[in-house]
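Any read-out appearing in this document is the output of simple, stated calculations on the displayed coordinates, not a laboratory observation. Note that this is a predicted model, so its numbers are computed, not measured.
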Amino acid sequence: MPELEFRSLYDTVFPILYRVAYGVARSAEAAEDLCQDAFFKLYEKDMVFPSQDDAKFWLIRVVKNAALNYAKRKERERLVYQKAFREDTRKTPTGEDDLVRKETAGEVNEALAALPEKMRIILIMTENTDLSYKEIGRILGISEGNVKIRVFRAREKLHTLLEAKMGVENVSR
């Protein structure tokens with residue numbers, strides 16, 4: 001590519017490339033570097049395009065991809081630094097936590113046992129297996145739509161039983 005043609009392309013396309021790169025990378029320095037790198041690639045490879053528009057589109061793709069890679073790399077670095085410097089915020093379970101968890105599980109199991117058999121079976125099958133509604137329907141001899149209705153009604157009934165047992169303020173959907 002002749003120098004005059006290259007200069008003309010640079011002058012007209014650089015502002016567009018910069019906006020693309022800055023929009024993705026969110027860094028002025030990185031945007032400038034990415035644009036310069038794209039023009040270096042074009043110049044070093046001595047690429048020839050049928051028109052200036054083709055060269056412009058090629059440069060935009062190169063800058064867009066480079067900016068996306070830059071942004072991904074920066075995000076990975078940020079996460080690594082965040083992970084490295086983050087304090088351990090995990091909560092050590094206490095005896096009280098274990099007791100509350102056991103009591104809650106017991107109350108849920110009691111409420112589940114209090115459900116009518118059809119409702120209990122449908123909840124057990126949907127929550128404890130990897131079966132789809134269609135498969136559950138085939139097993140129970142009902143339609144997929146009927147399975148959905150029964151699951152909804154069973155969850156509503158379970159919620160009502162838990163509200164009555166534990167108090168309204170303790171049960172959330």
**Asked** Taking LYS83 as the anchor, which lysines have their alpha carbon closer than 23 Å to its alpha carbon, excluding any fewer than eight residues away along the same chain?
**Response** LYS72, LYS74, LYS91
**Request:** Sort all Cα-Cα distances of region 62-111 into consecutive 5 angstrom bins from zero, then give the percent of pairs in each bin up to the one containing the longest distance.
**Result:** 4, 16, 10, 10, 8, 8, 8, 10, 9, 7, 6, 3, 0
**Prompt:** Per the Debye formula with a single identical scatterer at each Cα and no solvent contribution, what log10 I(q)/I(0) holds for the chain at q = 0.14, 0.20 Å⁻¹?
**Reply:** -0.81, -1.19
**Request:** From the C-alpha gyration tensor of region 95-170, pull out the three semi-axes of the equivalent ellipsoid (sqrt of 5λ each), sorted largest to smallest, in whole Å.
**Result:** 27, 14, 9
**Item:** Proximal lysines relative to LYS118, as straight alpha-carbon distance under 23 Å, when same-chain residues fewer than 8 apart are discounted
**Value:** LYS134, LYS148, LYS157, LYS165
**Message:** So if I take the centroid of the Cα atoms in region 54-77 and the same for region 98-173, what is the distance between those two points in Å?
**Reply:** 50
**Message:** Suppose only helical runs count, i.e. DSSP H with n ≥ 4. What mean residue ellipticity at 222 nm does that imply for the chain under -39500 (n - 2.57) per run, divided by all residues and rounded to the nearest 500 deg cm²/dmol?
**Reply:** -27000 deg cm²/dmol
**Message:** How large is the convex hull of the C-alpha atoms of region 3-85 per residue, in Å³?
**Reply:** 85
